[in-house]
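Down below is the structure, laid out as structure tokens.
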4 protein chains.
Amino acid sequence: MAESGETPLRMTLEEVEAFLDREFPQMQHGGKTFSVESLRPNGAIVRMDYHDKHIRPGGTISGPSMMALADYTMYVALLANIGPVALAVTTNLNINFLRKPGQKDLLAECSIIKLGRRLAVGEVAMRSDGSEEMVSHAVLTYSIPDQRPGGE
Amino acid sequence: MAESGETPLRMTLEEVEAFLDREFPQMQHGGKTFSVESLRPNGAIVRMDYHDKHIRPGGTISGPSMMALADYTMYVALLANIGPVALAVTTNLNINFLRKPGQKDLLAECSIIKLGRRLAVGEVAMRSDGSEEMVSHAVLTYSIPDQRPGGE
Amino acid sequence: MAESGETPLRMTLEEVEAFLDREFPQMQHGGKTFSVESLRPNGAIVRMDYHDKHIRPGGTISGPSMMALADYTMYVALLANIGPVALAVTTNLNINFLRKPGQKDLLAECSIIKLGRRLAVGEVAMRSDGSEEMVSHAVLTYSIPDQRPGGE
Amino acid sequence: MAESGETPLRMTLEEVEAFLDREFPQMQHGGKTFSVESLRPNGAIVRMDYHDKHIRPGGTISGPSMMALADYTMYVALLANIGPVALAVTTNLNINFLRKPGQKDLLAECSIIKLGRRLAVGEVAMRSDGSEEMVSHAVLTYSIPDQRPGGE
């Protein structure tokens, strides 16, 4: 998880996981199924296990599970990049469902495309483990407390 | 639930609930918390109980629970208006989170604004029980099997 | 244009039109085609003339013209309700195109669904003059300067 | 503009420009300001000149001009990849405005993330000429006539 470049991460992967398990226990309701795969400046990857609670009859992953995954992944990317900001809240989420997901874990990759003083915008691409094609794609806006000098 | 007008409903409230409990059991994972309040031509109201599995520490209702509610409510409205179309799938959802919800049930009201042959678009307003103010607002597109004569 | 209720308008229709003509002359590039029909607390209606510059071959109104109309109508509603805030800027716009518009003027009706200290969210329904059906529907977020006491 | 790979383009850059000038003359109303820079499988880049008709007082590029640019660029990418499909229409556009654009041309890069039989979804990143940072970002859905074997 070594990171280089001019924007060092504010939290390690372990710190992010510990923070989330403490602050968002309901994400793991019925069994822990979300885990942080990696962090990078302005980005993060989160894995969602292929688990009963995310599955519709027929084996497909439910839309709400993918929305939760997108939201969680953006939050992970923000935490790693601006530190444990408990008050960051989602203000907008737009998601397109593109293809039927495989009967596999889903990997979500977030790229923050704007990190301003008050708003952060990111996109999240979701793919079945081992596949190149996107299953779904989300764009999210978070409102963040105005605590940082400069920015925007 | 008597309905008048030129577009009679295709399913009763009881039929919709029975269909959903059978087809989407994972929505009720950990306890049944979604229930259909009412149906009308091009619309539906669904209640989401204020329940542990939807709540974040501090008592607020989680974003993913509201997204699931929006998606479910639109699906309920579609079912009632076009019949048990198991293959209708969400292709796009856009949601704005407007205010902190109360520590109460959430009521979601869907209005279908287009019901075409291939696509249906609806909006969903979510409010805390007993309140006039919107907590969140979503617009959704469903892709529907092309089975109806006319339309679009 | 007399308004009643607890949230009086901050600008009259004439003041809004004069402000816009001065601040956004490019909206009227090639001939003035947007005019404010009415204002109300948390809302506004704007007319877009059926004019060559908005029309595609075949007579349909172009998508970009409808997007411009949605954006303009929300700005009009904000101006009337919070006063001449030149720095209010659109941060997000989501639009669904629902039906082929008639070969007529388009009327856009904005309802502000949140007016916070930093963000305002509104929806805009667009209909052909004389028709009940929506041609298109947009949801917009504006970022507004934090100048008002209270709110949010 | 030679293209390799398994999905050859259906139209050359010159063919795309000629088709657009003929079918969408109103895009060039008041002077031609949009030009296709390059095409690739599942993508395209379009330049919008820094021109009076796109500019707000103060020198910034208007939101509606960026929305038109996003819509046009996705259409260009579709044309090149599926051929001259005059009936393809935008059904949804979601745009985030991220930063104040420079007083320069804007370059829009579209990537098609799904090309199905009935729907195509793409994202468009807009940047000021010579800059790495995104000024705005859009995601669009087009409905396309069902004319191709396979797909989806």
Original post:
Given C:71, C:105, which one is acidic (Asp, Glu) and over 25 Å from residue A:95 (Cα atoms)?
Top reply: C:105
Subject >> Lone unmet requirement of (1) touching a strand residue (DSSP E or B) at 6+ places or on another chain (Cβ under 6 Å); (2) modelled with pLDDT of 90 or more for residue A:54 >> reply: (2)
Original post:
From the list C:63, C:31, C:59, which one is surrounded by fewer than 16 Cβ atoms within 10 Å (Cβ to Cβ), closer than 21 Å to residue D:143 by Cβ and within 12 Å of chain D (Cβ to nearest Cβ)?
Top reply: C:59
**OP:** Please specify each residue of segment D:116-143 satisfying the condition of being more than 24 Å from residue C:61 (Cβ to Cβ) and either among the aromatic types (Phe, Trp, Tyr) or in contact with a strand residue (DSSP E or B) (Cβ under 8 Å, 6 or more places away or on another chain) (or both).
**Re:** D:123, D:125, D:127, D:128, D:129, D:133, D:134, D:135, D:137
**OP:** Within segment B:110-126, track down each residue that is buried (at least 20 other Cβ atoms within 10 Å of the Cβ), of a type in the set (D, E, K, R) and more than 10 Å from chain C (Cβ to nearest Cβ).
**Re:** none
Original post:
Which fully enclosed strands (runs of 3 or more DSSP E) of segment B:1-104 have 2 or more residues being more than 30 Å from residue D:113 (Cβ to Cβ)?
Top reply: B:34-40, B:43-48
Original post:
Which residue out of C:143, C:136, C:131 is under 27 Å from residue B:118 (Cα atoms) and within 12 Å of chain D (Cβ to nearest Cβ)?
Top reply: C:136
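Condition check ((1) closer than 30 Å to residue B:122 by Cα; (2) within 10 Å of chain C (Cβ to nearest Cβ); (3) in contact (Cβ under 8 Å) with a residue 24 or more places away in the chain) across all residues:
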{"site": "D:16", "(1), (2), (3)": "no, no, yes"}
{"site": "D:19", "(1), (2), (3)": "no, no, yes"}
{"site": "D:22", "(1), (2), (3)": "no, yes, no"}
{"site": "D:46", "(1), (2), (3)": "no, no, yes"}
{"site": "D:69", "(1), (2), (3)": "yes, yes, yes"}
{"site": "D:77", "(1), (2), (3)": "yes, no, yes"}
{"site": "D:82", "(1), (2), (3)": "yes, no, yes"}
{"site": "D:88", "(1), (2), (3)": "yes, no, yes"}
Original post:
Among the residues of segment A:90-109 satisfying the criterion of being among the basic types (Lys, Arg) and within 14 Å of chain D (Cβ to nearest Cβ), which is surrounded by the fewest Cβ atoms within 10 Å (Cβ to Cβ)?
Top reply: A:100
Subject >> Among (1) in contact with a Leu (Cβ under 7 Å, 6 or more places away or on another chain); (2) within 8 Å of chain C (Cβ to nearest Cβ), the one test that residue D:52 misses >> reply: (1)
Original post:
What number of residues in segment C:94-117 are within 24 Å of residue C:22 (Cα to Cα), without any contact (Cβ under 8 Å) to a residue 60 or more places away in the chain and touching a helix residue (DSSP H, G or I) at 6+ places or on another chain (Cβ under 8 Å)?
Top reply: 1
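The values are calculated or read from the model by the stated rules, or taken from the named source; none is laboratory data. Predicted, not measured: the structure shown is a model, and the values here were computed from it. Every residue, glycine as well, gets a Cβ built from its backbone with ideal geometry; the counts of neighbours run over all protein chains shown.
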